[in-house]
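The values are calculated or read from the model by the stated rules, or taken from the named source; none is laboratory data. Since we're looking at a predicted model, the values are computed, not measured. Note that each Cβ is placed from the backbone with ideal geometry, even for glycine, and that neighbours are counted across all protein chains shown.
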Amino acid sequence: RRFSGYKFRRQQPIDRYTVDFVCYEKRLVIELDGGQHTEREAYDRQRDEYLMAEGFRVLRFWNNTVFNESDGVQAAVWNALEGIDE
């Protein structure tokens with residue numbers, strides 16, 4: 001539940017949405033998307049816009065990317081936590 005010293009909460013409600021992971025300290029939301037998300041693009045976009053309006057940064061990764069490119073995913077999360085834009 002920690003990543004490089006940052007605390008993340010899993011399956012956390014934020015208002016009317018439940019996010020996969022959130023680091024409140026850095027206002028970072030991480031969403032892991034499976035195949036069902038290809039049919040929910042409009043919903044996910046609306047959800048992301050709401051979370052961003054609430055001051056969160058949202059990172060989305062496909063499940064297969066997390067498993068097959070974990071180093072790149074970890075780097076992207078680290079950069080987001082440290083405020084480094086790629």
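Can you tell me which condition Asp33 does not meet? The list is (1) more than 27 Å from Ser4 (Cα to Cα); (2) at pLDDT below 95, and all the others hold.
Only one criterion in (1) more than 27 Å from Ser4 (Cα to Cα); (2) at pLDDT below 95 is unmet by Asp33, namely (1).
Considering the stretch 5-49 alone, what residues qualify as being acidic (Asp, Glu), more than 23 Å from Gly83 (Cβ to Cβ) and loosely packed, with under 12 Cβ neighbours inside 10 Å?
Asp15, Glu39, Glu41 - these are the residues of the stretch 5-49 that are acidic (Asp, Glu), more than 23 Å from Gly83 (Cβ to Cβ) and loosely packed, with under 12 Cβ neighbours inside 10 Å.
Those residues that are closer than 17 Å to Phe8 by Cβ and of a type in the set (Lys, Arg), I need them from the stretch 37-76; list them, please.
Arg57, Arg60
Give me the strands (runs of 3 or more DSSP E) completely within the stretch 1-66, filtered to those with at least 2 residues that are aromatic (Phe, Trp, Tyr), within 13 Å of the chain's Cα centre (by Cα) and within 19 Å of Trp78 (Cα to Cα), ordered by residue number.
So the answer is 57-62.
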